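**Q** Pasting in a structure now, in C-alpha coordinates, and then I'll have a few things to ask.
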Amino acid sequence: MGFEQDISQLGVFTEPQRRRVFERLQADGPCTVTALVDTLGVGRTLVAFHLGKLLESGFVEGIGPDATTGGPGRPAQRYRVSKQEVVASVPDRRYDLLAGVLLDSIADFRPDDTAHTSALRAARRRGAELGRQLASGRLPRTATARFARLERLLSTLGYAPRRQGDELFVRNCPFDTFRATNTEQVCSLNLSLSDGYLEGLGLDRDLQADLRPDPDSCCVAFRQSG
(Lines give C-alpha, C1' and ligand atoms only; values in the text may rest on other atoms or scores of the structure.)
Protein backbone atom coordinates (compact mmCIF):
# COMPACT_ATOMS: atom_id res chain seq x y z
CA MET A 1 0.00 0.00 0.00
CA GLY A 2 1.37 3.41 -0.95
CA PHE A 3 1.84 6.37 1.35
CA GLU A 4 -0.87 8.46 -0.34
CA GLN A 5 -3.40 5.65 0.01
CA ASP A 6 -2.46 5.18 3.68
CA ILE A 7 -3.03 8.89 4.37
CA SER A 8 -6.32 8.81 2.47
CA GLN A 9 -7.59 5.86 4.51
CA LEU A 10 -6.54 7.37 7.81
CA GLY A 11 -8.43 10.52 6.86
CA VAL A 12 -11.65 8.66 7.64
CA PHE A 13 -10.91 9.24 11.33
CA THR A 14 -10.80 13.04 11.14
CA GLU A 15 -14.53 13.08 11.93
CA PRO A 16 -14.94 12.84 15.76
CA GLN A 17 -18.26 10.97 15.73
CA ARG A 18 -16.79 8.41 13.33
CA ARG A 19 -13.92 7.82 15.72
CA ARG A 20 -16.45 7.26 18.50
CA VAL A 21 -18.23 4.61 16.44
CA PHE A 22 -14.93 2.85 15.71
CA GLU A 23 -13.73 3.05 19.32
CA ARG A 24 -17.06 1.68 20.59
CA LEU A 25 -16.82 -1.30 18.23
CA GLN A 26 -13.22 -1.83 19.31
CA ALA A 27 -14.15 -1.78 22.99
CA ASP A 28 -17.42 -3.75 22.87
CA GLY A 29 -16.83 -6.19 20.02
CA PRO A 30 -19.49 -6.99 17.40
CA CYS A 31 -22.47 -4.62 17.63
CA THR A 32 -25.66 -3.91 15.74
CA VAL A 33 -26.61 -0.42 14.63
CA THR A 34 -29.25 -0.37 17.36
CA ALA A 35 -26.68 -1.23 20.04
CA LEU A 36 -24.39 1.56 18.82
CA VAL A 37 -27.26 4.05 18.81
CA ASP A 38 -28.15 3.14 22.40
CA THR A 39 -24.56 3.25 23.63
CA LEU A 40 -23.46 6.43 21.85
CA GLY A 41 -26.69 8.39 22.15
CA VAL A 42 -26.50 9.35 18.46
CA GLY A 43 -29.24 9.14 15.84
CA ARG A 44 -29.59 5.97 13.80
CA THR A 45 -29.08 7.74 10.47
CA LEU A 46 -25.81 9.28 11.66
CA VAL A 47 -24.49 5.97 13.04
CA ALA A 48 -25.36 4.21 9.78
CA PHE A 49 -23.60 6.93 7.78
CA HIS A 50 -20.37 6.66 9.77
CA LEU A 51 -20.51 2.86 9.68
CA GLY A 52 -20.77 3.08 5.90
CA LYS A 53 -17.62 5.20 5.72
CA LEU A 54 -15.75 2.80 8.01
CA LEU A 55 -16.89 -0.15 5.93
CA GLU A 56 -15.82 1.59 2.73
CA SER A 57 -12.36 2.27 4.13
CA GLY A 58 -11.96 -1.33 5.29
CA PHE A 59 -11.53 -0.61 9.01
CA VAL A 60 -14.88 -2.21 9.86
CA GLU A 61 -16.54 -5.31 8.43
CA GLY A 62 -20.03 -6.76 8.55
CA ILE A 63 -20.62 -10.18 10.10
CA GLY A 64 -23.63 -12.42 10.54
CA PRO A 65 -26.22 -11.92 13.27
CA ASP A 66 -25.78 -13.47 16.71
CA ALA A 67 -27.09 -17.02 16.37
CA THR A 68 -27.88 -17.16 20.11
CA THR A 69 -30.29 -14.25 19.93
CA GLY A 70 -33.89 -15.29 19.46
CA GLY A 71 -36.97 -13.25 18.85
CA PRO A 72 -39.29 -12.46 15.97
CA GLY A 73 -38.24 -10.85 12.71
CA ARG A 74 -34.99 -10.90 10.78
CA PRO A 75 -31.85 -10.88 13.00
CA ALA A 76 -29.92 -7.62 12.79
CA GLN A 77 -26.59 -7.33 10.97
CA ARG A 78 -23.60 -6.89 13.27
CA TYR A 79 -20.34 -5.02 12.69
CA ARG A 80 -16.85 -5.38 14.07
CA VAL A 81 -13.39 -3.85 13.70
CA SER A 82 -11.47 -5.56 10.88
CA LYS A 83 -7.86 -6.74 10.99
CA GLN A 84 -6.73 -4.07 8.55
CA GLU A 85 -3.72 -2.08 9.70
CA VAL A 86 -2.59 1.24 8.26
CA VAL A 87 0.44 3.13 9.52
CA ALA A 88 1.55 6.42 8.00
CA SER A 89 4.49 8.50 9.20
CA VAL A 90 6.16 11.64 7.93
CA PRO A 91 8.91 11.11 6.87
CA ASP A 92 8.14 7.54 5.86
CA ARG A 93 9.35 4.90 8.33
CA ARG A 94 9.31 1.09 8.07
CA TYR A 95 10.03 -0.22 11.55
CA ASP A 96 7.79 -3.19 10.73
CA LEU A 97 10.35 -4.31 8.14
CA LEU A 98 13.16 -4.16 10.68
CA ALA A 99 11.09 -6.03 13.26
CA GLY A 100 10.26 -8.75 10.69
CA VAL A 101 13.94 -9.23 9.91
CA LEU A 102 14.82 -9.63 13.59
CA LEU A 103 12.01 -12.13 14.18
CA ASP A 104 13.14 -14.13 11.13
CA SER A 105 16.68 -14.14 12.44
CA ILE A 106 15.54 -15.64 15.75
CA ALA A 107 13.60 -18.38 13.95
CA ASP A 108 16.61 -19.15 11.70
CA PHE A 109 19.29 -18.93 14.38
CA ARG A 110 21.96 -21.65 14.01
CA PRO A 111 24.30 -23.07 16.68
CA ASP A 112 27.41 -21.55 15.08
CA ASP A 113 25.78 -18.14 14.53
CA THR A 114 26.09 -14.89 16.35
CA ALA A 115 22.89 -12.87 16.69
CA HIS A 116 24.28 -10.35 14.22
CA THR A 117 25.21 -12.85 11.47
CA SER A 118 21.79 -14.47 11.74
CA ALA A 119 20.15 -11.05 11.41
CA LEU A 120 22.26 -10.15 8.38
CA ARG A 121 21.28 -13.37 6.64
CA ALA A 122 17.60 -12.79 7.44
CA ALA A 123 17.85 -9.20 6.15
CA ARG A 124 19.26 -10.27 2.80
CA ARG A 125 16.60 -12.96 2.45
CA ARG A 126 13.79 -10.52 3.28
CA GLY A 127 15.21 -7.96 0.83
CA ALA A 128 15.33 -10.56 -1.93
CA GLU A 129 11.71 -11.52 -1.25
CA LEU A 130 10.63 -7.89 -1.57
CA GLY A 131 12.63 -7.53 -4.78
CA ARG A 132 11.06 -10.62 -6.34
CA GLN A 133 7.58 -9.33 -5.55
CA LEU A 134 8.23 -6.28 -7.72
CA ALA A 135 10.38 -7.82 -10.47
CA SER A 136 8.51 -8.71 -13.64
CA GLY A 137 9.28 -9.20 -17.31
CA ARG A 138 12.72 -9.26 -18.83
CA LEU A 139 15.77 -7.98 -17.04
CA PRO A 140 16.54 -4.36 -17.99
CA ARG A 141 19.50 -3.99 -20.36
CA THR A 142 20.46 -0.37 -19.84
CA ALA A 143 21.76 1.37 -16.74
CA THR A 144 18.84 3.78 -16.84
CA ALA A 145 16.31 0.93 -16.86
CA ARG A 146 18.14 -0.90 -14.07
CA PHE A 147 18.17 2.14 -11.83
CA ALA A 148 14.50 2.78 -12.65
CA ARG A 149 13.57 -0.73 -11.52
CA LEU A 150 15.48 -0.25 -8.27
CA GLU A 151 13.96 3.19 -7.73
CA ARG A 152 10.43 1.77 -7.93
CA LEU A 153 11.12 -0.67 -5.11
CA LEU A 154 12.97 1.83 -2.94
CA SER A 155 10.16 4.37 -3.38
CA THR A 156 7.53 1.88 -2.18
CA LEU A 157 9.64 1.23 0.93
CA GLY A 158 10.03 4.92 1.76
CA TYR A 159 13.71 5.41 0.92
CA ALA A 160 13.11 8.49 -1.28
CA PRO A 161 15.71 7.51 -3.93
CA ARG A 162 17.43 10.03 -6.20
CA ARG A 163 19.78 9.26 -9.05
CA GLN A 164 22.90 11.33 -9.60
CA GLY A 165 24.92 10.29 -12.63
CA ASP A 166 26.03 6.68 -12.27
CA GLU A 167 24.88 6.39 -8.66
CA LEU A 168 21.60 6.19 -6.80
CA PHE A 169 21.32 7.81 -3.39
CA VAL A 170 18.49 7.48 -0.88
CA ARG A 171 17.56 10.55 1.11
CA ASN A 172 15.38 8.95 3.78
CA CYS A 173 16.27 6.21 6.27
CA PRO A 174 13.15 4.12 7.00
CA PHE A 175 14.75 3.02 10.29
CA ASP A 176 15.94 6.43 11.46
CA THR A 177 14.97 6.30 15.16
CA PHE A 178 16.80 3.03 15.73
CA ARG A 179 19.73 4.15 13.60
CA ALA A 180 20.30 7.06 15.95
CA THR A 181 20.87 4.71 18.90
CA ASN A 182 22.18 1.56 17.15
CA THR A 183 23.99 2.95 14.13
CA GLU A 184 26.35 0.07 13.36
CA GLN A 185 23.72 -2.64 13.69
CA VAL A 186 20.97 -0.84 11.77
CA CYS A 187 23.21 0.32 8.93
CA SER A 188 24.69 -3.16 8.43
CA LEU A 189 21.18 -4.65 8.34
CA ASN A 190 20.15 -1.97 5.85
CA LEU A 191 23.10 -2.90 3.64
CA SER A 192 22.12 -6.59 3.75
CA LEU A 193 18.54 -5.65 2.90
CA SER A 194 19.86 -3.61 -0.03
CA ASP A 195 21.97 -6.52 -1.28
CA GLY A 196 18.78 -8.56 -1.13
CA TYR A 197 16.79 -5.95 -3.07
CA LEU A 198 19.33 -6.18 -5.89
CA GLU A 199 19.28 -9.98 -5.83
CA GLY A 200 15.48 -10.18 -5.90
CA LEU A 201 15.26 -7.63 -8.72
CA GLY A 202 17.87 -9.54 -10.75
CA LEU A 203 20.25 -6.58 -10.65
CA ASP A 204 23.01 -7.94 -8.40
CA ARG A 205 25.39 -8.54 -11.35
CA ASP A 206 25.07 -4.99 -12.61
CA LEU A 207 24.57 -2.87 -9.50
CA GLN A 208 25.98 -2.97 -6.00
CA ALA A 209 25.17 -1.38 -2.67
CA ASP A 210 27.80 0.46 -0.64
CA LEU A 211 27.72 1.56 2.95
CA ARG A 212 28.22 5.33 3.14
CA PRO A 213 27.09 6.62 6.52
CA ASP A 214 25.55 10.10 6.38
CA PRO A 215 23.67 11.72 9.28
CA ASP A 216 21.41 13.62 6.87
CA SER A 217 20.34 10.73 4.62
CA CYS A 218 20.30 6.94 4.38
CA CYS A 219 23.59 5.10 4.91
CA VAL A 220 23.39 3.06 1.68
CA ALA A 221 24.13 4.16 -1.89
CA PHE A 222 23.94 2.14 -5.12
CA ARG A 223 26.29 2.22 -8.07
CA GLN A 224 27.11 0.24 -11.18
CA SER A 225 29.38 -2.75 -10.53
CA GLY A 226 32.98 -2.77 -11.76
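The values are calculated or read from the model by the stated rules, or taken from the named source; none is laboratory data. What you see is a predicted model; the values in this text were computed from it and never measured. Neighbour counts run over all protein chains shown; Cβ positions are idealised from the backbone, glycine included. SASA here: full protein model, heavy atoms, side chains in, ligands and nucleic acids out. Shrake-Rupley method; radii C 1.70, N 1.55, O 1.52, S 1.80 Å.
**Q** Please build a GNM for the chain, connecting alpha carbons under 10 Å apart, and tell me which residue among Ala27, Ala143, Ala99 fluctuates the most.
**A** Ala27
**Q** Using heavy-atom solvent-accessible surface (probe 1.4 Å) with all chains present, what is the largest-first order of Ser194, Ser155?
**A** Reading off the accessible areas and sorting them downward yields Ser155, Ser194.
**Q** Another one. What are the ³J(HN,Hα) values, in whole Hz, obtained from phi via the Karplus relation 6.51 cos²θ - 1.76 cosθ + 1.60 with θ = phi - 60°, for each residue of segment 166-175 in sequence order, with x given for Gly and Pro?
**A** 8, 10, 10, 10, 10, 8, 10, 8, x, 10
**Q** Okay, helix-only estimate at 222 nm for the chain: each DSSP H run of n ≥ 4 adds -39500 (n - 2.57), divide by all residues, round to 500 deg cm²/dmol; what do you get?
**A** After summing the helix terms and dividing by residue count, I get -16000 deg cm²/dmol.
**Q** If you don't mind, another one. What's the angle, to the nearest 10 degrees (0 to 90), between helix 115-134's Cα axis and the longest principal axis of the chain?
**A** Taking the Cα atoms of the chain, the angle to 115-134 is about 70 degrees.
**Q** Accessible area of Phe13, 1.4 Å probe, to the nearest 10 Å²?
**A** 40 Å²
**Q** Right, next: Suppose all protein chains stay in the model; what accessible area per residue would a 1.4 Å probe give for the chain, in Å²?
**A** 57 Å²
**Q** To the nearest 20 Debye, how big is the dipole of the chain about its Cα centre, given +1 on the beta carbon of each Lys and Arg and -1 on that of each Asp and Glu?
**A** The dipole of the chain has a size of about 600 debye.
**Q** Right, next: How long are the three semi-axes of the equivalent ellipsoid for the chain, computed from the Cα gyration tensor as the root of 5 times each eigenvalue, in whole Å, largest first?
**A** 45, 20, 17
**Q** To the nearest 10 degrees, how steep is helix 16-28 against the longest Cα principal axis of the chain, on a 0 to 90 scale?
**A** 90 degrees
**Q** How much accessible area does Asp112 have with a 1.4 Å probe, in Å² rounded to the nearest 10?
**A** Approximately 130 Å² of Asp112 is accessible to the 1.4 Å probe.
**Q** Considering only Arg138, Arg125, Arg93, give the residue with the highest GNM mean-square fluctuation for the chain, with springs between Cα atoms whenever their separation is below 10 Å.
**A** Arg138
**Q** Hey, any idea what % of the chain's accessible area is carbon plus sulfur with a 1.4 Å probe?
**A** Looking at the chain in its full context, I get 51 percent from C and S.
**Q** So, one more: For Tyr79, list long-range residues whose amide hydrogen, built 1.01 Å from N in the peptide plane, is under 5 Å from its own amide hydrogen.
**A** Cys31, Thr32, Ile63
**Q** Nothing charged except the Cβ atoms of Lys and Arg (+1) and of Asp and Glu (-1): what's the magnitude of the dipole of segment 139-178 about its Cα centre? Round to the nearest 20 debye.
**A** 200 debye
**Q** Still on this structure, please answer the following. From the residues Gly165, Ser192, Ala128, which one has its Cα farthest along the dipole of segment 68-226 in the positive direction, the dipole being from +1 and -1 charges on Cβ of Lys/Arg and Asp/Glu about the Cα centre?
**A** Ala128
**Q** Mind pulling the angle between the C-alpha long axis of helix 143-156 and the longest principal axis of the chain? Nearest 10 degrees, somewhere in 0 to 90.
**A** That helix lies at roughly 30 degrees to the long axis.
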